[in-house]
1. Show me the ranking of peptides 285-291, 232-238, 71-77 by mean Cβ neighbours inside 10 Å, starting with the highest.
2. For the stretch 126-141, take each phi angle, set θ = phi - 60°, evaluate the Karplus expression 6.51 cos²θ - 1.76 cosθ + 1.60, and give the result in whole Hz per residue in order, putting x for glycine and proline.
3. What does the extension gain come out to for Arg154 and Ser197, with contour length at 0.36 nm per residue minus their alpha carbon separation?
4. Given H placed on each backbone N at 1.01 Å, which residues far from Glu7 in sequence or on other chains put an amide H within less than 5 Å of it?
5. Taking the Cβ of His135 as the center, what net charge do the other residues with Cβ under 13 Å away carry, scoring Lys and Arg +1 and Asp and Glu -1?
6. Could you run the Karplus curve 6.51 cos²θ - 1.76 cosθ + 1.60 with θ = phi - 60° over the stretch 168-184 and give me ³J(HN,Hα) per residue in whole Hz, x for Gly and Pro?
7. Read phi for every residue in the stretch 149-159 and hand back ³J(HN,Hα) as whole Hz from Karplus 6.51 cos²θ - 1.76 cosθ + 1.60, θ = phi - 60°, with x for Gly and Pro.
8. Any number yet on Rg/Rh for the stretch 112-207, C-alpha, Kirkwood?
Amino acid sequence: MLPLPSETLGSFLTRWAWARGEEPSSLSHRLGLGYLVWRQDLDRSLPHAMLMIIARAIGVEVSIIRDMTYCARLAQADIPVQRSGFQPWLTPVGIYHLRRLRFGQLFCPLCLKEDTPRHVHLEWRIASTWLCAKHRVSLMDSCPGCGAPFAPYRNDSLLFGRCERCALPLYDARPSSCSTHQVELQRYVNSLWSQASDGNPLPLARMYCELTKAAKYSPDFRFAGEPWSFWRILQRGQLLENVLTKEVMKARSAICRDNAETLYVRAAPTKRVQPRTCWVDLKDPQQRAKKIMQIALRLHPKRSMSSRVSKNERQF
């Protein structure tokens, strides 16, 4: 069995295990990867020794296995990568033991229905992907029945295309359709990724910088202040639709002369010009005295034991 084009590493190992009639954890233990390999984000990156073990077991070059990870995909676009922590352009899944706490793994119900065999597409965790250009529908990040995050590597969720919590068939879900403008915008973003892989990473880096600024300072988004790659698919799609228009990005990409690496550096937190305080300088003396009394009434100092008088002492 060989990996499919644009398939993640965890998806291939899961398909391989079920094709042999065993659980993915048993296959990883028999290969020498251990049981705990499924408790980490193996789609993001794995040590070189583990990649060599998988490549020798399949009979392919290690570069093919490495290209199935997101770190290799991002490195091809000259994006600074790291094995853990915050990663630009990658949506987090929040793995805790075998559970997934975040909604970073997207899926297309129509792709799960048509793909033979079912597999996880590599672009489903790229933060700039929020719709399927093939079927012109929005991607989903949770089960429509119980609301659980999509966990394809747990139990037989990927094999049967169902939710790992309530066993609802995810390929029967009804995603919302997309407009022509949204599809054109998604194709434009995909073209920027192609340019970055071909040696021109500046337009893609500029787009990430503009998205980060909009998500940080714009009051139109109720999740402002949090990295936009952490947002749910609905809020992230609204951000992309409002900011990433084709005309604006083309104009800004033409005058972009910055270094691509500097655009991915997270800005240092700004210092406060004035200290945070709840006191407002009131010019009216009566209003000032009223404010002081209100603050004094909120304070409740504890009375000492010596200040309390017993009932027996009150009689004398």
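Bear in mind these aren't lab numbers, they're just calculated from the coordinates by the rules spelled out. Quick caveat, the model's predicted, so the values are computed rather than measured. Ideal geometry is used to build each Cβ from the backbone, glycine not excepted, and the neighbour counts take in all protein chains shown.
1. In decreasing order of mean packing, 285-291, 232-238, 71-77 become 71-77, 232-238, 285-291.
2. With coefficients 6.51, -1.76 and 1.60, one gets 7, 5, 7, 9, 10, 8, 9, 5, 6, 9, 6, 9, 7, 6, 10, 10 Hz.
3. On the way: separation 43, 0.36 × 43 = 15.48 nm, distance 3.22 nm.
So the chain would gain 12.3 nm between Arg154 and Ser197.
4. Counting only residues 5 or more places away or on other chains, the set is Leu122.
5. Working: positive: Lys113, Lys134, Arg136, Arg174; negative: Glu114, Asp115.
Local charge sum for His135: +2.
6. Each residue of the stretch 168-184 in turn: 7, x, 6, 6, 8, 5, 10, x, 6, 6, 10, 7, 5, 5, 5, 5, 5 Hz.
7. Rounded to whole hertz, the list is x, 6, 10, x, 9, 9, 6, 10, 5, 6, 5.
8. Working: Rg = 15.4 Å, Rh = 14.9 Å.
Rg divided by Rh gives 1.03.
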